[in-house]
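Trainee: Got a structure for you, questions after.
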Amino acid sequence: MDPLSTLWETFFDWDAMREALPEMVTVGLPNTLILAVSAALLGSVLGMLLAVAGISRTRWLRWPARVYTDVFRGLPAAATILLIGVGLAPLGMQVWGPNPYPLGVLALSLIAAAYIGEIFRAGIQSVEAAQLEGARALGFSWGEAMRLVIVPQGVRRVLPAWVNQLIALIKDSSLVYFLGLVASQRELFRIGQDYAATTGNESALLLAGLFYLLLTVPLTHAVNWIDRRLRQGRAVAAPDLDVELDPAGAPAPTGKDPR
Amino acid sequence: MSTATATATSVSLAVRDVHLAFGQHQVLRGADLEVARGGTACVIGPSGSGKSTLLRTINRLIEPDRGDVLLDGRSVLGDDPDALRQRIGMVFQQFNLFPHMTVLRNLTLALRKLKKLPEDEAVQVARTQLDLVGLAHKADVRPAQLSGGQQQRVAIARALALRPQVMLFDEATSALDPELVKGVLGVMADLSAAGMTMVVVTHEMGFAREVADTVAFMDAGVVLEAGPPAAVFEAAEHPRLRRFLSQVL
């Protein structure tokens, strides 16, 4: 066989892909989504707390937030996941048993929170001081003004950066394979990697890659779409983006804008 | 057109010997101001004289270092500042509407969250108030889609929806195109005529002359001269006031 077709076979062996496909769809994809979505939710809530702590007037909130962000942004994701996933495993064993997912999600969330916290903080600080003054003049407390007026505007401005972070999270979810996954716990990468390791053919891994692209590429386009919309202002007929934030910080549409 | 619906509860306002420094910079050096119940005081004076700062000490957006602010003779400095600000409406030069909410929601937010009105009641109060400033048909658009004059009228309606006992205006027409000034001043004049106690920081000398009961001239952190418009504009005593008037009139 000539080298070129060998190369082709290494990546595009359709039979190998077909063999891996059912597991990718029924096991790998749901598991990747479970990891990424739960880490995104927890990471965003923690990130919002970090952002608010980061702009606090009390240094006992500001400094810990600063140190946290430096540490979790500065460590390699692989190291953080191993440190938490393996280091806390004995503790986890007593609470929820041998399942590595809770600690995997925790580690991913802690990493994401450091980045998301900085994103939210930048957004919140970009809102004009006059908005705070306007809200305070109506009689809102500082906390209410932040929650109802400042944070919703700030978060809106950094939605593109936030979505970028979700993309990073989807990719980083592959790293939980470090923690040891039984067959039903494997996510996209691990399944592709297992097939590749047993057959010596990379096609299944390439298929896993395609699944990642299937998730991340639409999100990158969503980022651009959101960015454009924020730049141009909303079209009159566009769905209402009125957002009020819970104290915890996850944006939730109120859906009851009175007409 | 009557802009105010509930001015029967207006109060008198007194500012007594208010001092304030930002670091080394002494902004207010013993400012005094008296506004009778239902009266309108216009505060005039050069830039940097402390007019806007004085206004902010009245609703305690800025806490004075010394001095007192009285509503109906009672000091407000011991009150909860958030509760106090619900009683004192304020309108800003840059409107400070919330751009991510519709006009209606700008009005209902405080009604629902602070006055704890149920949604439908808040909407009703808000629509009534918008109607009074002639903008009921703009309830569902975002502030950015309105002209500056319309935005300022919404801001006035937003403050009035909370039924304040005093209204503060901080150069409410300074950011407006000339042709939009009149509409906003008209709303303010109506409000004054309806008996709202008002403090108006303004460069509109015509408005001060026609609407104010008291005109107060501020310079370098104090009210140098105050009195009825006729006295201040026609018979100014202080040379600095005379110089100021010769420049602006």
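Here, each number is a calculation from the coordinates, and none is a lab measurement. These numbers were taken from a predicted model, which means no experiment stands behind them. Glycine gets a Cβ as well: all are built from the backbone with ideal geometry, and neighbour counts include every protein chain shown.
Trainee: Could you list all residues from region A:12-64 that are touching a residue at least 40 places away in the same chain (Cβ under 8 Å), over 28 Å from A:L159 (Cβ atoms) and either within 16 Å of the chain's Cα centre (by Cα) or not in a helix (DSSP H, G or I) (or both)?
Mentor: Result: A:F12, A:D13.
Trainee: Tell me whether region A:90-113 contains one or more residues that are assigned to a loop (DSSP other than H, G, I, E, B), without any contact (Cβ under 8 Å) to a residue 40 or more places away in the chain and surrounded by 15 or more Cβ atoms within 10 Å (Cβ to Cβ).
Mentor: no
Trainee: Can you tell me how many residues in region B:170-183 are away from chain A (no Cβ under 12 Å) and either within 12 Å of the chain's Cα centre (by Cα) or in a helix (DSSP H, G or I) (or both)?
Mentor: Of the residues in region B:170-183, 9 are away from chain A (no Cβ under 12 Å) and either within 12 Å of the chain's Cα centre (by Cα) or in a helix (DSSP H, G or I) (or both).
Trainee: Among the residues of region A:147-165, count how many are more than 13 Å from chain B (Cβ to nearest Cβ) and either aliphatic (A, V, I, L, M) or in contact with a Gly (Cβ under 9 Å, 6 or more places away or on another chain) (or both).
Mentor: 5
Trainee: Would you mind stating whether B:V91 is more than 14 Å from chain A (Cβ to nearest Cβ) and under 29 Å from B:V232 (Cβ atoms)?
Mentor: No.
Trainee: Does any residue of region B:61-83 turn out to be touching a Leu at 6+ places or on another chain (Cβ under 9 Å), closer than 27 Å to B:L180 by Cβ and within 13 Å of chain A (Cβ to nearest Cβ)?
Mentor: yes
Quick grid of which residues meet (1) under 15 Å from the mean Cα position of the chain (by Cα); (2) among the basic types (K, R); (3) over 30 Å from A:R228 (Cβ atoms):
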site: A:G92; (1), (2), (3): no, no, yes
site: A:I119; (1), (2), (3): yes, no, no
site: A:A122; (1), (2), (3): no, no, no
site: A:Q125; (1), (2), (3): no, no, no
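Trainee: Being among the small types (G, A, S) and closer than 17 Å to B:T57 by Cα is the filter; apply it to region B:194-234 and report the residue that is surrounded by the most Cβ atoms within 10 Å (Cβ to Cβ).
Mentor: B:A216
Trainee: Moving on to the next point. Search region B:107-129 for residues being among the aliphatic types (A, V, I, L, M) and more than 11 Å from every other protein chain (Cβ to nearest Cβ), and hand back the single one that is surrounded by the fewest Cβ atoms within 10 Å (Cβ to Cβ).
Mentor: Filtering region B:107-129 for residues that are among the aliphatic types (A, V, I, L, M) and more than 11 Å from every other protein chain (Cβ to nearest Cβ), the one surrounded by the fewest Cβ atoms within 10 Å (Cβ to Cβ) comes out as B:L117.
Trainee: Let me ask something else about it. Out of (1) farther than 22 Å from A:A65 by Cα; (2) away from chain B (no Cβ under 14 Å), what's the single condition that is false for A:Q131?
Mentor: (2)
Trainee: Quick one: in region B:60-74, of everything that is within 25 Å of B:L191 (Cα to Cα) and not charged (D, E, K, R), which residue is surrounded by the most Cβ atoms within 10 Å (Cβ to Cβ)?
Mentor: Top of the filtered list is B:V69.
Trainee: Is there a residue in region B:44-56 that is closer than 24 Å to B:T173 by Cβ, among the hydroxyl-bearing types (S, T, Y) and without any contact (Cβ under 8 Å) to a residue 12 or more places away in the chain?
Mentor: yes
Trainee: Can you confirm whether B:V27 is within 13 Å of chain A (Cβ to nearest Cβ), surrounded by 15 or more Cβ atoms within 10 Å (Cβ to Cβ), hydrophobic (A, V, I, L, M, F, W, C) and farther than 28 Å from A:V155 by Cβ?
Mentor: No, not satisfied.
Trainee: Enumerate the helices (runs of 4 or more DSSP H) found wholly within region A:150-238, keeping only those where 1 or more residues are over 24 Å from A:E118 (Cα atoms) and of a type in the set (K, R).
Mentor: Once the helices (runs of 4 or more DSSP H) in region A:150-238 are filtered for at least 1 residues that are over 24 Å from A:E118 (Cα atoms) and of a type in the set (K, R), what remains is A:188-199.
Trainee: Among the residues of region B:130-163, count how many are within 12 Å of another protein chain (Cβ to nearest Cβ) and over 17 Å from the mean Cα position of the chain (by Cα).
Mentor: Within region B:130-163, residues that are within 12 Å of another protein chain (Cβ to nearest Cβ) and over 17 Å from the mean Cα position of the chain (by Cα) number 7.
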